[in-house]
Amino acid sequence: MATETDIKTVPHMNGSILVEEDSRDNVTLERLGKKPVLKRNFGFLTILGFSCTVLITWEGSLIGGPSGLVYGYLIVWAGTLSVSAVLSELVSMAPTSGGQYHWVSMLAPPSSRKFSGYITGWLTIAGWQATVASGLLLNGTLIQAIILLTHPGYADNMQIWHGTLLSWAVALLSFTINTSIGSVLAKFEIVVLFLHVLGFFAVLIPIVTLGDHTSARDVFKTFLNGGECQTQGLSFSIGISGLRLSEETHNAPVVIPQSIMTGLTINACLGFAMVAATLFSMGDIDAAMAENPRYPFMAIFQHAIGSTTGAAVMSSLVVVMCFSSLTGVLASTSRIYWAFARDRGLPGWRTLNKVNERTKIPFNSVLLATGIAIVLSLINIGDETAFNGVISISIAGIFGSYMMAASWLLYCRLAGKIREPNNDDEITNTIGKSLTWGPWRIRGFLGVANNIFTCVYLIYVFFFSFWPSSIEVSAATFNWAVVPLSAVIMWCLLYYAIWGRKTYLGPIIEL
């Protein structure tokens, strides 16, 4: 294995040092026992763009109950900040595309690390795959809503399958961007980062300056209990339930944590400003719901600025940003497939772990993630409730995997199992090897306190991710998340018992 002293460099013409052969990035990956395969096209700015646009905080915070949304936003932001800090510590220790399942495998005790990592990998895949399917339909129906905004007569002819077909077109475009030369995705993220910030002002300024404003009391002291839950607390808890390019990023142990925390800070500020501005300008929410039942924020735009064309342009910005988020989510999901296949945790791992020699992109994994999302969207044509039931696993899967990783980190932290790194380390932070801290972490008591808060918050969100949206439960309002989650767990247990336990041994040490 290469060491840092083995790196060959030559002077660059501007006096800086250019790494000619092995880079520190590759040395970092090799210390995790992995061969550098993917091309590193991402730096701080491109990963910051990825972090900001995947979150789409201001774009996604345009609709909700006044006080429940304002205060819920603040609590979710606090919880997300804590979770992001813990994930940043973990990715700084082990910047691999495997993410949660790799972290659980390296942190869990020998008696349970193999199976714990395996379950975590399947939870992660299920959650992110459902998110891709959900994002596809979101983009398709947003386009439908803009058509309704500009052509009100479309309401008489609007069909569910229209949105599904539109989502397929979105899937094709996102797939094309993700399977182009790797630098295309990186450049795309820089463009959408600037559009993310500029679009915020393009939406905020018109609704603040042109729209009629409601009172502060209506915004901060009015709670909506649309689900008719027995307590506002339960309604609020249900209402707020709503890092995969490490091996393609330069100086990932530092850049990924910095971009995550910077992106979260930017999105938190933009998102809260948009929440407040929209709620002060929303007017008659019932009228907006009647005009555009699925996405009433478009009707709010129209009433605020008094122009259908202007509202359509503003809404189109939201659509573009939601598409950029979907593109990032698809990239993340494909890397999870690829990493888990590399460690032989999936059926067909020999095919899924291949990387295209020309583009340095896991083409087969991108194709699989896109194909499954398209197949899942067919369910929406037959039964929208059934589709929502399938994709409801997204929160449980993703937050469940975060919970596993954060819990084991807390265990190792309290047990003193993680030490400071040194230059003599060869392979660390993988299964059966010693644990060392990365260059980014929260030290001392604050790190422990934040880790504890993260675990509590994730348990809280995971618990309420299975609750129905209304106290009057019907087939349409029932939360079906437990059904697909149980199906995924049963399938992975069956596969593990028959094949997986023979091929999957945890993160493979390739060097």
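Under the simplified labelling scheme, the F194-Y411 pair shows an inter-label distance of 4.8 nm, with each label point 7 Å from Cα along Cα→Cβ. In order along region 76-83, phi translates into HN-Hα couplings of 4, 4, 4, x, 5, 4, 5, 4 Hz, rounded to whole numbers, per the Karplus curve 6.51 cos²θ - 1.76 cosθ + 1.60 with θ = phi - 60° and x for Gly and Pro. Here the relative contact order of region 275-433, from alpha carbon pairs under 8 Å that lie six or more residues apart, stands at 9 percent. Each part gets one Cα centre, and for region 432-453 versus region 103-147 those centres are 24 Å apart.
When Rg and the Kirkwood Rh are both derived from Cα coordinates, the Rg/Rh ratio for region 249-404 amounts to 1.05.
Rolling a 1.4 Å probe over the protein heavy atoms of region 466-511, with every protein chain left in place, gives an accessible area that is 74 percent carbon and sulfur. Note on region 323-404: with neighbouring protein chains present and a 1.4 Å probe, carbon and sulfur make up 62 percent of its accessible heavy-atom surface. Backbone geometry of region 315-328 corresponds, through the Karplus equation with coefficients 6.51, -1.76 and 1.60 at θ = phi - 60°, to 3J(HN,Hα) couplings of 5, 5, 4, 5, 4, 4, 6, 5, 5, 5, 5, 4, 4, x Hz, x marking Gly and Pro. Accessible surface computed residue by residue for region 278-399, with neighbouring protein chains in place and a 1.4 Å probe, gives 36 Å² per residue. Using a cut-off of 23 Å between Cα atoms, the listed pairs K360/K433; K34/K354; K35/K114 include K360/K433 as exceeding that distance. Using a probe of 1.4 Å on the protein chains alone, the accessible area found for I374 is around 50 Å². Of the solvent-accessible surface of region 415-458, computed with a 1.4 Å probe and all protein chains present, 57% belongs to carbon and sulfur. Taken over region 419-511, the percentage of Cα pairs per 5 Å bin, counting from 0 up to the bin with the maximum distance, is 2, 9, 10, 11, 12, 14, 15, 13, 7, 4, 2, 1, 0. If the segment from L367 to S316 were pulled out straight at 0.36 nm per residue, it would be longer than the present Cα-Cα gap by 15.6 nm.
The values are calculated or read from the model by the stated rules, or taken from the named source; none is laboratory data. Given the structure is predicted, the values throughout are model-derived calculations rather than measurements. Note that each Cβ is placed from the backbone with ideal geometry, even for glycine, and that neighbours are counted across all protein chains shown. For accessibility, only protein heavy atoms count, side chains too; no ligands or nucleic acids. Shrake-Rupley method; radii C 1.70, N 1.55, O 1.52, S 1.80 Å.
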